[in-house]
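Student: Here it is, the structure in full.
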Amino acid sequence: DAALVYRETMPKPFGSEFVRSTVGENIAMNFASGAQQPFLRILDNVKKAYLATDGIGQQVLIKGFSSEGHDSANTDCAGHWNERAGGLRDLNVLLDRARAYNARIGIHINASEVYPEAHRYNPDILQRDANGNAKAGWTWLDHASMIDKRKDILSGSLFRSLDEMRRDLPRLDFVYVDTYWENGWPAWKIARKLKSLGLPMYTEGDMPLDPWTSWAHWRGSKNAV
């Protein structure tokens, strides 16, 4: 009985109402300049899934909407589109037409680490060790540096990029915030910002952003800090 009551009174993340109608969940990934999933091909696949399932609810997360693909400048939320995959024009065609096929489309961003080719790369927003050296982040295609999330927000750079993203992608349905493991003020601020833009927030792990997200890539035991 208590569980039933809590279901009615529990805080509900912004956008949680879409969970019940979304059955098909897919990731479309462009990587290492390959443009494996051009934006119009994603739209074709959405149409195929719609026809094959009598219109079942879908959502598609695009990894690699910017620059040369996934993790290439994906700290740039706007203004650095993946031209090989079709650029801003084709991306908006996808967003405009996907709703007719009961599909919601989102993009994968990163507010935790930045690559040197990103327009938002700025030494002033990097985490540094006791010797003043930038802290290294994920390394595979290039060497990322960890972002000081508080400095990034206070600089205004992140939110300007999000505002530009919303202006350029008016039909975008959600935003996935990758590799975000810190609780506290920065997490609350980015959640509030995305809500103000009308965008539900998804994430990778479930704990740090749990109060504000309705979908996580995986559920596990990684500790938030």
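Taken together, the values in this text are just the output of simple stated rules run on the coordinates, not laboratory data. Predicted model only: the values in this text are computed from it and were never measured. Cβ coordinates were reconstructed from backbone atoms using ideal geometry, including for glycine residues, and neighbour counts include every protein chain displayed.
Student: What value, in deg cm²/dmol to 500, does the helix sum -39500 (n - 2.57) over DSSP H runs of n ≥ 4 give at 222 nm once divided by the residues of the chain? Please report the intermediate quantities before stating the final value.
Tutor: Numbers: 6 runs with 65 residues, N = 225.
That comes out to -8500 deg cm²/dmol.
Student: For Lys48, go through the lysines and keep the ones whose alpha-carbon is under 21 Å away, minus same-chain ones fewer than eight residues off.
Tutor: Here the lysines satisfying the reach criterion relative to Lys48 are Lys63.
Student: Same structure again: I want the antiparallel fraction of DSSP beta bridges within the chain, as a percent rounded to 5. Mind showing how you got there, number by number?
Tutor: Working: 7 of 28 bridges.
Just about 25 percent of them are antiparallel.
Student: Here is a follow-up. Among the listed pairs Lys12/Lys195; Lys12/Lys149; Lys151/Lys189; Lys135/Lys189, which are separated by more than 18 Å between their Cα atoms?
Tutor: Values: Lys12/Lys195 13 Å; Lys12/Lys149 25 Å; Lys151/Lys189 12 Å; Lys135/Lys189 23 Å.
Over 18 Å apart, Cα to Cα: Lys12/Lys149; Lys135/Lys189.
Student: Taking H placed 1.01 Å from N in the peptide plane, check which residues at least 5 places from Glu113 or on another chain put their amide H under 5 Å from its amide H.
Tutor: Ile147
Student: Something else about it: Work out how much length Thr9 to Leu154 would gain on full extension: take 0.36 nm times their residue separation and subtract the Cα-Cα distance, in nm to one decimal.
Tutor: Numbers: separation 145, 0.36 × 145 = 52.20 nm, distance 3.39 nm.
That works out to 48.8 nm of additional length.
Student: Once the cut-off is 23 Å, how many percent of the Cα-Cα pairs in the chain end up in the long-distance tail? Display every interim value, and only then the final one.
Tutor: Numbers: 12205 of 25200 pairs.
The share of Cα pairs beyond 23 Å in the chain comes to 48 percent.
Student: With a sphere of radius 11 Å drawn around the Cβ of Arg99, what net charge do the other residues whose Cβ falls strictly inside it have (Lys, Arg +1; Asp, Glu -1)?
Tutor: Working: positive: Arg97, Arg104, Arg171; negative: Asp96, Asp173.
The answer is +1.
Student: Could I have the simple spin-label model distance between His143 and Leu197, label points 7 Å from Cα toward Cβ, reported in nm to one decimal?
Tutor: Distance between the two pseudo-spin positions: 3.0 nm.
Student: Set the Förster radius R0 to 45 Å, insert the Cβ-Cβ distance between Asp96 and Arg128 as r into 1/(1 + (r/R0)^6), and round the FRET efficiency to 0.05.
Tutor: Numbers: r = 43 Å, r/R0 = 0.96.
According to the calculation, E is roughly 0.55.
Student: Any idea how far the Cα center of the stretch 183-201 sits from the one of the stretch 20-59, in Å?
Tutor: 26 Å
Student: Right, next: The stretch 81-138: which GluC sites (Glu not before Pro) are DSSP loop and have at most 16 other beta-carbon atoms within 10 angstrom? Before the final figure, lay out the partial values.
Tutor: On the way: sites: Glu83, Glu113, Glu117; in loops: Glu83, Glu117.
Here the sparse-neighbourhood loop sites are Glu83, Glu117.
Student: Please give the FRET efficiency for Ser33 paired with Ile56, using the beta carbon to beta carbon distance and R0 = 22 Å, rounded to the nearest 0.05. Write out the running numbers ahead of the final one.
Tutor: Values: r = 33 Å, r/R0 = 1.50.
Calculated transfer efficiency: 0.10.
Student: Could you give the dipole magnitude of the stretch 141-225 about its Cα centre, charging the beta-carbon of Lys and Arg +1 and that of Asp and Glu -1, in debye to the nearest 20? Working shown, then result.
Tutor: Working: 13 positive and 12 negative charges, 71 e Å.
Result for the stretch 141-225 is approximately 340 debye, rounded to the nearest 20.
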